[in-house]
1. Just name one of ALA355, THR323, LEU266: the one whose Cα is farthest towards the positive end of the charge dipole of the range 259-374 (beta-carbon charges, Lys/Arg +1, Asp/Glu -1).
2. Could you please state, rounded to a whole Å, how far the C-alpha centre of the range 219-235 is from the C-alpha centre of the range 374-388?
3. Based on Cβ point charges of +1 for Lys and Arg and -1 for Asp and Glu, what charge dipole magnitude is obtained for the range 107-208 about its Cα centre, in debye rounded to the nearest 20?
4. In whole Hz and in residue order, list the ³J(HN,Hα) couplings for the range 10-22 that follow from phi through the Karplus curve 6.51 cos²θ - 1.76 cosθ + 1.60, θ = phi - 60°; x for Gly and Pro.
5. Go ahead and estimate [θ] at 222 nm for the chain from helices alone: -39,500 (n - 2.57) per DSSP H run with n ≥ 4, summed, over the residue count, rounded to 500.
6. Could you go through the range 355-372 in sequence order and give the Karplus-derived ³J(HN,Hα) for each residue, using 6.51 cos²θ - 1.76 cosθ + 1.60 with θ = phi - 60°, rounded to whole Hz, and x for Gly and Pro?
7. Applying the Karplus parametrisation 6.51 cos²θ - 1.76 cosθ + 1.60 with θ = phi - 60° to the phi angles of the range 315-323, what ³J(HN,Hα) value in whole Hz is obtained for each residue in order, glycine and proline being reported as x?
8. Whose amide H sits under 5 Å from the amide H of ASN164, counting only residues 5 or more places off or on another chain, with H placed in the peptide plane?
Amino acid sequence: MLTKKRVVITGLSGICGLGHNKNDIWNNALAGKSCVKKLNDRFVDDIEFDYPINIASYVQDFKIDDEILSPKEQDRFDTFIHYALHSAHHALIDSKLKVGHDVEAHKIGCILGVGMGGFPLTESSYRKFLKQKRPRTSPFFIPSIIPNMASGLISIKLGLQGSNFSISSACASSGHAIEMGVRQIQTGIQDAVLVGGSEAVLTKLTIAGFNSMKALSKREVASEKASCPFSADRDGFVIGEGAAILVIESLESAIKRKANILAEILGCGSSADAHHITSPHPEGLGAIKSMEQALLEANIKFSEVDYINAHGTSTPLGDISETNAIKNVFKDHAYNLNISSTKSMTGHLLGSAAALESFFCVQTLVDQEIAPTINLENPDPECDLNYTANSSVKKEINIALNNSFGFGGTNSSLIFKRFQGE
């Protein structure tokens, strides 16, 4: 019988509206800072933008380092690839793992979640294409936009010769990518894997599409207050962009190279609502099964969980459904939990949401402080749990759970444990 190897996290980094590095992202989250802004200065071209949505959470003042991606290459690849490369480079530095020295290159993989891929470059390229008398495209167009090119370029630039692919499962993409990396380490296929996700789809077309679905917030408030999970005032999510990468490896590998272990991944769960293409099951049945699977693999009681980083998108149906699911799984203990939706600050990063929110779970375990749900000034009576409203909380946290749910009714739950030795 195969004994599953234990999986630990030894490095992480990311980029989003809160910052370009691990420390800035985390410190701004603890401070309850919103990175939701007006879009007026993001879209500058010859097409009028007259949709009622004019806010998003986006990265500012970022240019990838030339040592990561050469100046010649930078224009070839879509923004989500830049974010993924930046995050992977710094996550590997954070882990202090030397490829080919500490771990053989063919035993290190890269698995990323990318929900939508290179929409900005696709949209801009198509506009140029239509204006040409003899239409043609760059030979780099397709390699620049395909979702797996983020993990592909990471493997090329960092010399990773192990498993390399992307997973696309809407807003659960990077949660499933983390789970797949965990499975490869548990079974000995890989000794280490860079996992996470990247997304950058802030275009007029995607915003128009989400707006037509009535998914986005139209709250006529200050932009930084538009994302308000679990609030009675919520009316939709705020779209965001960014990436986060975790370096995970076997406990055996981490101990052998005397790595600084940040946390352990105890369990992963996944399920399907089998209900609707976009709406969650009203009772959260798929979310319930996902959390129960993660708890079962982690071999812990539900009462041992201290904190949940919720999917919490600020949608009318989603927040109630998740709250109902948490109550079903955790019974009376649901009221003892600290819960927060960091999407209140970052907006919804779609395919990379689970990666960034796993980043927050790990940092919570390391620093023993919980980032808040901001903008929770008028709680929905049907959302009556402790959502860590408006201010961070210092508290002993040993086990954290991250939920991510996506269109198509796909669900991911991940359980992390504070590492206090073997």
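The values are calculated or read from the model by the stated rules, or taken from the named source; none is laboratory data. Because the structure is predicted, anything quoted here is derived from the model rather than measured. All Cβ positions, even for glycine, are placed from backbone atoms using ideal geometry, and neighbour counts span all protein chains on display. Accessible surface areas use protein heavy atoms only, side chains included; no ligands, DNA or RNA. Shrake-Rupley method; radii C 1.70, N 1.55, O 1.52, S 1.80 Å.
1. Result: THR323.
2. Distance between centres, Cα-based: 12 Å.
3. 760
4. Running phi through 6.51 cos²θ - 1.76 cosθ + 1.60 with θ = phi - 60° gives 10, x, 7, 7, x, 8, 6, x, 7, x, 9, 8, 3 Hz.
5. Working: 13 runs with 135 residues, N = 422.
After summing the helix terms and dividing by the residues of the chain, the value is -9500 deg cm²/dmol.
6. Karplus-based 3J(HN,Hα) across the range 355-372 equals 5, 5, 6, 5, 3, 5, 4, 5, 5, 4, 5, 6, 9, 6, 9, 9, 6, x Hz.
7. Working through the residues one at a time gives 9, x, 7, x, 5, 5, 4, 5, 4 Hz.
8. The list, which skips near neighbours in sequence, is CYS110.
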